[in-house]
Each structure stands twice: as C-alpha cells, then as structure tokens.
Amino acid sequence: MSLRITQVDAFTNKPFAGNPAAVCILQKPADPAWMLDIAREMNLAETAFLVKQRDGYDLRWFTPALEVDLCGHATLASAHVLWEDGHLKPTEQARFHTKSGLLTADKRDSWIELDFPATPATAALPPADLTEALGAKAQFVGQSKFDYLVEVETETIVRQLDPDLGAIARVAARGVIVTSRADGKTKYDFVSRFFAPQSGVPEDPVTGSAHCALAPYWSAKLGKKELIAYQASARGGELRLRLEGDRVKLGGQAVTVLRGELAAGNMAS
C-alpha cells in the first residue's frame with residue numbers, strides 16, 4: 001500500500017505562511033530509523049507519524065535530525081488532516097498518545113484548539129556566550145523543560161535578531177526562545193522567535209510547544225489568562241493562548257498545501 005504524505009501550513013490561514021509540517025498516517029508502527037529518513041527527505045521542521053489506536057492515535061514527531069518529545073505545529077497539522085480527510089467527524093475530538101502524554105485537539109469553527117502541558121521557565125543563569133550569540137541584552141533568562149527563554153527589551157529587537165546559530169547550537173537545550181512584549185501597535189500581547197540548530201531547525205517558523213513556556217511567563221507578567229501571540233519569523237504565525245492551571249490551550253489555524261505519495265522506500269505498508 002502506498003504511503004500518503006500531506007503537507008500542512010500550521011498556525012496560519014493562508015498558504016506559504018505559518019509553519020509547514022508533513023503528516024503521515026501509517027497502518028502500523030514503523031521503524032524509527034525509517035521515520036527519520038522520511039523526515040530528512042521532507043526536510044521540514046517536523047514530520048508527524050500517526051497510527052490508529054482504539055481510543056485515538058499514537059503520534060510521533062521527527063525533525064530532519066532527531067525525534068522530539070513535544071511539537072505543537074505538527075500536532076495541529078495532524079488534527080487538521082484527520083478532520084479534512086474524514087478520519088474523524090468535525091465534532092469528534094482528536095486524541096493523541098505521545099511521549100508527552102495524552103494531547104487533544106478540538107475544532108472551534110475555523111480554529112483548532114490544542115490542549116498541551118504547561119512547561120514554565122524558571123530563572124536561570126544564561127549559558128556561556130548565550131547573550132553574545134543572540135546579539136542582544138537579556139532582561140530575563142529562564143529555563144523550561146525543553147528550552148532557554150530569553151526576554152529582550154523591545155519587539156524591534158526580537159524582529160531584527162540575527163543570531164550566531166553556531167554558538168546557539170552549543171547551548172545544552174532543545175532550543176532558545178527569544179521574546180518581548182508587543183509594541184502596542186497590533187492586537188498581540190507578545191512576540192517571539194525560536195532557534196534550535198541543535199535539533200536540526202536553525203529557526204522554527206512557528207513553535208506551538210515554545211508557547212507552553214511563553215504562556216505562563218507572559219500570563220504572570222501581564223496578569224492575563226488569555227493572550228494573543230505572534231511568532232515573528234519570516235513566515236510568521238498567530239496563536240491564541242489560554243492558561244488553565246498546568247495546561248495551555250493553543251489555538252491555531254491550518255491549511256493543506258500539498259498531497260503526495262511515497263514512490264520508493266515505503267517500509268510502512
């Protein structure tokens with residue numbers, strides 16, 4: 001049986017923006033080395049692999065370099081494909097069994113709302129040369145379960161960052177989040193960018209899982225449980241966030257841009 005691969009732009013409502021992810025629905029579990037080969041071939045920030053279970057889907061995420069424990073945009077893309085291709089009815093919840101536990105997704109009109117664990121950052125000493133690598137003065141440095149979080153003074157600084165990715169690759173973390181309060185000229189509460197060369201992703205266009213740290217951080221600073229965020233990469237993407245205890249509701253949109261079939265090397269049939 002041929003393997004269908006669907007490419008989805010996540011955290012956007014228009015093609016060629018947001019964060020692209022490939023989604024593969026498998027008939028049975030596959031060898032991780034083969035899944036990594038597919039992710040390298042797709043050469044996107046993430047490729048998601050799903051296997052149907054009685055009460056949902058097993059879900060795994062791969063960058064071109066390695067398997068990761070949590071990914072927001074590829075989960076959003078996966079839920080989008082399940083509803084768009086008729087694997088789930090629009091009223092059904094998408095349920096994913098992952099390395100980060102049970103994750104769910106629900107349709108909210110043209111939006112999809114993910115339920116993810118919060119991963120708050122606690123104040124930490126910056127790794128050697130981190131601020132020099134970013135080329136910006138840090139207002140705050142914290143460390144979450146996965147990443148370093150760095151607040152800088154202004155939105156302009158976030159948008160104009162041109163970091164030394166070679167130096168950032170030496171930081172012992174999945175990646176580095178850089179954020180600031182929005183400048184007040186838009187509807188957004190805060191902006192961010194995410195750099196993860198050590199995970200095979202020099203700059204991720206829109207990073208849902210990074211907002212599991214950003215949401216509690218900015219909720220505490222701004223005194224708001226509901227936030228609107230913008231990830232200011234070249235492609236850019238919008239997220240609606242709601243903090244509920246130790247969970248973060250991540251709202252985003254998605255659009256399918258490409259469908260294809262694997263013509264060679266299919267070891268998942």
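A few remarks follow.
- Arg4 passes every criterion in (1) open to solvent by 20 Å² or more (accessible area, probe 1.4 Å); (2) of a type outside the set (Gly, Ala, Ser); (3) over 15 Å from Thr63 (Cα atoms); (4) under 19 Å from the mean Cα position of the chain (by Cα) apart from (4).
- Within the stretch 248-269, residues that are open to solvent by 70 Å² or more (accessible area, probe 1.4 Å) reach partners that are of a type in the set (Phe, Trp, Tyr) with beta carbons closer than 6 Å, at six or more positions or on different chains, in the pairs Met267/Trp34.
- The one condition in (1) crowded, with 17+ Cβ neighbours inside 10 Å; (2) at pLDDT 95 or above; (3) not hydrophobic (A, V, I, L, M, F, W, C) that Pro117 fails to fulfil: (1)
- Verdict on Pro90 being outside any strand (DSSP E or B) and either hydroxyl-bearing (Ser, Thr, Tyr) or surrounded by fewer than 19 Cβ atoms within 10 Å (Cβ to Cβ) (or both): yes
- Note on the stretch 174-192: residues that are open to solvent by 20 Å² or more (accessible area, probe 1.4 Å) and modelled with pLDDT of 95 or more amount to 6.
- Number of the condition not met by His80 [criteria: (1) of a type outside the set (A, V, I, L, M); (2) outside any helix (DSSP H, G or I); (3) in contact with a strand residue (DSSP E or B) (Cβ under 6 Å, 6 or more places away or on another chain); (4) open to solvent by less than 70 Å² (accessible area, probe 1.4 Å)]: (2)
- Among residues of the stretch 43-58 that are closer than 15 Å to Pro32 by Cβ, those with a beta-carbon under 7 Å from a residue that is of a type in the set (Asp, Glu) at least six positions away or on a different chain give the pairs Leu50/Asp58; Val51/Asp58.
- Selection from the stretch 201-233 of residues that are in a loop (DSSP other than H, G, I, E, B) and either within 12 Å of Asp147 (Cα to Cα) or in contact (Cβ under 8 Å) with a residue 24 or more places away in the chain (or both): Pro205, Val206, Thr207, Gly208, Ser209, Ala210, Lys224, Ala232, Ser233
- Verdict on Lys14 being open to solvent by 10 Å² or more (accessible area, probe 1.4 Å), assigned to a loop (DSSP other than H, G, I, E, B), of a type outside the set (A, V, I, L, M) and free of Cβ contacts under 8 Å to residues at least 40 places away in the same chain: no
- Scanning the stretch 51-66 for residues that are under 20 Å from the mean Cα position of the chain (by Cα) and either exposed (fewer than 15 other Cβ atoms within 10 Å of the Cβ) or in a loop (DSSP other than H, G, I, E, B) (or both) turns up Asp58, Thr63, Pro64, Ala65, Leu66.
- Selection count, the stretch 224-259, where residues are closer than 15 Å to Thr207 by Cβ and β-branched (Val, Ile, Thr): 1
The values are calculated or read from the model by the stated rules, or taken from the named source; none is laboratory data. Predicted model only: the values in this text are computed from it and were never measured. Every residue, glycine among them, receives a Cβ derived from its backbone with ideal geometry; neighbour counts consider all protein chains shown. Quick note on the areas: whole protein, heavy atoms, side chains included, nothing else; ligands and nucleic acids left out. Shrake-Rupley method; radii C 1.70, N 1.55, O 1.52, S 1.80 Å.
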